[in-house]
Structures are given as structure tokens and as C-alpha cells.
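Enquirer: Take this structure first; my questions come after.
Only the coordinates and a few stated rules stand behind these numbers; no lab work does. Computed from a predicted model, the values in this text were never measured in an experiment. Glycine also receives a Cβ, built like all others from the backbone with ideal geometry; neighbour counts cover every protein chain displayed.
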Amino acid sequence: MTSAPALAITLADYRDPRDAADVVALLDAYARDPMGGSEPLPEDVKTRLPSELAQNPHAFSLIARLGGDAVGLANCFVGYSTFAAAPLVNIHDLAVLPGHRGAGIGKALLGGVEAEALKRGACKITLEVLTGNPARHLYAREGFGDYQLDPGTGHALFWQKRLT
């Protein structure tokens, strides 16, 4: 009887060639997915990303490896909550390769992010999710939900203004 390959969630070292390549490959796979915009990452982004993340003291990434193969990614950035006077962690990208979805990898990545956020003294974890993304059910099960201060003022919206 053969046991299932082990799942490991590890903090990426952007300067390590294997970790850097895995971060880029997983993010590119996510970018090509409908939930990531269905377009590959531009070549210059693939080239610059690991070194620019390594230079950003607020960035960290977790890689999910199944039997040694990279199958999932969480790219995060530490911000600051002025209302709590404490750090917060924003999950900017959370991705699991299509052939591995539904196997608990996303949940394990969220657990890894929470553990890292607690180590960093964060008061909360934030993320943005499209209303049509099936992963929002996972996020809700793991305790994420709409943000509001007072129901009378409504729910927070995530807006953007592109500069390029």
C-alpha cells in the first residue's frame, strides 16, 4: 500500500532559484486562469518578480508542495491597521493548480498564512475575491466575510484606479 504524497507549506525564499521559479510558475498559472484574468504574465514581470519581491520587506509568499511538486501559492503583503495600531496581512494572490483543487491545499495555505500573520503580530488577514470565484466558499468556511463597521453604512467595496 502506497501512502499519499505529503503536503508541505513553506515560506518562499525569493533568492532561492527553485522557490523563485515556483512562485513565478504558480503565479503565471493563476494569471492564465479565468479568476486571474486569463492572460499569461508578461515576460518582463516573470523576470523581475522574484528580485522585486525579495527587495520588498513587506512581502512574503507561501508555497504548497505535494510530494515536492509546487501546487499552490499565497502571495501576501504586510500592511497596517490604524484602528488597531497593529500590522495586518493581505493575501494578494491565493492559487492552487487546477488539477489539485478540492484536495485541501487552499485550506492549508490559508492556515499557513494565519500562522505567519500571528508570528508577525497581525490583527487581521484581508483578501479580495470576485463574486463568481468558487473559492469564496472556502474563504467563508475559514472565517472570512464582508467588512462593515455598521450595517447602516453598508459593506466595504474594493475599488481600483489603474495608473498605466
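Enquirer: What does the convex hull of the Cα atoms of the chain come to per residue, in Å³, rounded to a whole number?
Expert: 148 Å³
Enquirer: Right, next: What per residue convex hull volume, in Å³, comes out for region 121-164 when only alpha-carbon positions are used?
Expert: That works out to 144 Å³ per residue.
Enquirer: How far, in degrees from 0 to 90, does helix 43-55 lean away from the longest principal axis of the Cα atoms of the chain, to the nearest 10?
Expert: 70 degrees
Enquirer: Name the residue from 99, 23, 121 whose Cα lies farthest towards the positive end of the charge dipole of the chain, charges +1 on Cβ of Lys and Arg and -1 on Cβ of Asp and Glu.
Expert: Result: 121, furthest along the dipole toward the positive end.
Enquirer: Right, something else. To the nearest µm²/s, what D does Stokes-Einstein give for region 1-85 at 4 °C and 1.567 mPa s, using the Kirkwood radius over alpha carbon pairs as Rh?
Expert: Roughly 91 µm²/s, to the nearest whole number.
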